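A.B. asks: After the structure tokens below, expect a handful of questions from me.
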Amino acid sequence: AASFNSISKEEIELLLADLAKQNPMVLKRFEQDPEMKKQQLDSLKQLLAFASQAKKDGMADDATNKQELESIGSEVVAVNYDKEINKDKGPMPPFGFVSEDQVNAFWNPQPETGFFASLKNKLGMGHEDRELAFQKFLESKLAIMKENNPSLKEKELTEEERNQARDFFAKIEIYENEFNEKAHSGELPKDFVDKVRLQVKLQQAQFLARLYSKKAAEQVKVTDEDVAAYIAQHPEMT
């Protein structure tokens, strides 16, 4: 996970520039209502503060959470890269332009050359390693899904669901690798690369902030038994 204990002027400017494209009326309201702008900045600071505290408390080191943070980063990069490189190609579902041949090549990689070859060799990016990475990805997704929805505690994936997840994972990895290579070589606009990395930071911060908020709520939760025990120990309250 990234560092969440600060946000730079450049990052704020990126957010405002993106907002100007997506919803210029909101940006105009910011100019007319400084208090509204301050509230939004305060909310952003609180988000990062919660994420920082969650990281300090070790939540980012939990195996499931650590994997999910990695998955969030990969997904944010892949989704934005998909939109950027395919924006003029007409309607298509997410990752619809990733071919079956590319997916097959991902699961059966050939020896690579170039800048990322040595890095991938060090990390172990062969077929078995990619299968292991997918298994970790899938296990963390299932664990978080069951944690958020206890009714799915006994949920077992069907073969079709597993294959869909495997295909989704491959396409994310393909586009994330392309993004990293092109960002390194300067083929992608710097503003775009910076914006994507900021989105990764904020999405990861949201995940950690939710974990911290849940933990904080559980710590202050008072049960009926707690109340009864307190009253029993303090008869003057009755």
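A.B. asks: What pairs come up if the first residue lies in the stretch 132-157 and is under 22 Å from residue 214 (Cβ atoms), the second is open to solvent by less than 40 Å² (accessible area, probe 1.4 Å) and not charged (D, E, K, R), and their beta carbons are under 6 Å apart, counting only those six or more places apart or on different chains?
C.D. replies: 140/67
A.B. asks: At pLDDT 95 or above, closer than 17 Å to residue 95 by Cβ and over 17 Å from the mean Cα position of the chain (by Cα): is that true of residue 164 in this structure? It would help to see each step written out before you state the result.
C.D. replies: Details: at pLDDT 95 or above: yes; closer than 17 Å to residue 95 by Cβ: yes; over 17 Å from the mean Cα position of the chain (by Cα): yes.
So residue 164 passes the test.
A.B. asks: Report yes if some residue within the stretch 66-73 is crowded, with 18+ Cβ neighbours inside 10 Å, among the charged types (D, E, K, R) and out of contact with any Asp or Glu (no Cβ under 6 Å at 6 or more places or on another chain); otherwise report no. Walk me through it before giving the result.
C.D. replies: The initial filter retains those residues of the stretch 66-73 that are crowded, with 18+ Cβ neighbours inside 10 Å, namely 67-69, 71-73.
Among the residues that remain, those that are also among the charged types (D, E, K, R) are: 68.
Those left that are additionally out of contact with any Asp or Glu (no Cβ under 6 Å at 6 or more places or on another chain): 68.
Yes, the stretch 66-73 contains a residue that is crowded, with 18+ Cβ neighbours inside 10 Å, among the charged types (D, E, K, R) and out of contact with any Asp or Glu (no Cβ under 6 Å at 6 or more places or on another chain).
A.B. asks: Filter the stretch 177-194 down to the residues that are buried (at least 18 other Cβ atoms within 10 Å of the Cβ) and charged (D, E, K, R) and list them by number.
C.D. replies: Hit for the stretch 177-194 is 178, nothing else.
A.B. asks: Out of (1) farther than 29 Å from residue 50 by Cα; (2) in contact (Cβ under 8 Å) with a residue 24 or more places away in the chain, what's the single condition that is false for residue 212?
C.D. replies: That leaves (1) as the condition not met.
A.B. asks: Among the residues of the stretch 87-112, which ones are open to solvent by less than 50 Å² (accessible area, probe 1.4 Å), closer than 19 Å to residue 167 by Cα and part of a loop (DSSP other than H, G, I, E, B)? First the steps, then the outcome.
C.D. replies: Of the residues in the stretch 87-112, the ones open to solvent by less than 50 Å² (accessible area, probe 1.4 Å) are 90, 95-96, 98-99, 103, 106-107, 109.
Subsequent filtering for residues that are closer than 19 Å to residue 167 by Cα retains 95-96, 98-99, 103, 106-107, 109.
95, 96, 98, 99, 109 - these are the residues of the stretch 87-112 that are open to solvent by less than 50 Å² (accessible area, probe 1.4 Å), closer than 19 Å to residue 167 by Cα and part of a loop (DSSP other than H, G, I, E, B).
A.B. asks: Can I ask one more? What number of residues within the stretch 27-48 are modelled with pLDDT of 85 or more and open to solvent by less than 60 Å² (accessible area, probe 1.4 Å)?
C.D. replies: Going through the stretch 27-48 one residue at a time, the tally reaches 4.
Yes/no per residue for (1) modelled with pLDDT of 95 or more; (2) under 27 Å from residue 93 (Cα atoms); (3) touching a Phe, Trp or Tyr at 6+ places or on another chain (Cβ under 6 Å):
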| position | (1), (2), (3) |
| --- | --- |
| 153 | no, no, no |
| 156 | no, yes, no |
| 186 | yes, no, no |
| 222 | no, no, no |
| 228 | no, no, no |
| 232 | no, no, no |
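A.B. asks: Evaluate the following for residue 236: is it open to solvent by 80 Å² or more (accessible area, probe 1.4 Å) and at pLDDT 65 or above? I'd like the intermediate steps shown before the answer.
C.D. replies: On the way: open to solvent by 80 Å² or more (accessible area, probe 1.4 Å): yes; at pLDDT 65 or above: no.
The answer is no for residue 236.
The values are calculated or read from the model by the stated rules, or taken from the named source; none is laboratory data. Fair warning: this is a prediction, and the values are worked out from it, not measured in the lab. Here the Cβ is made from the backbone with ideal geometry for all residues, glycine too, and neighbour counts use every protein chain on show. Ligands, DNA and RNA are stripped out before the accessible areas are found, and what is left, the full protein with its side chains, is counted by its heavy atoms. Shrake-Rupley method; radii C 1.70, N 1.55, O 1.52, S 1.80 Å.
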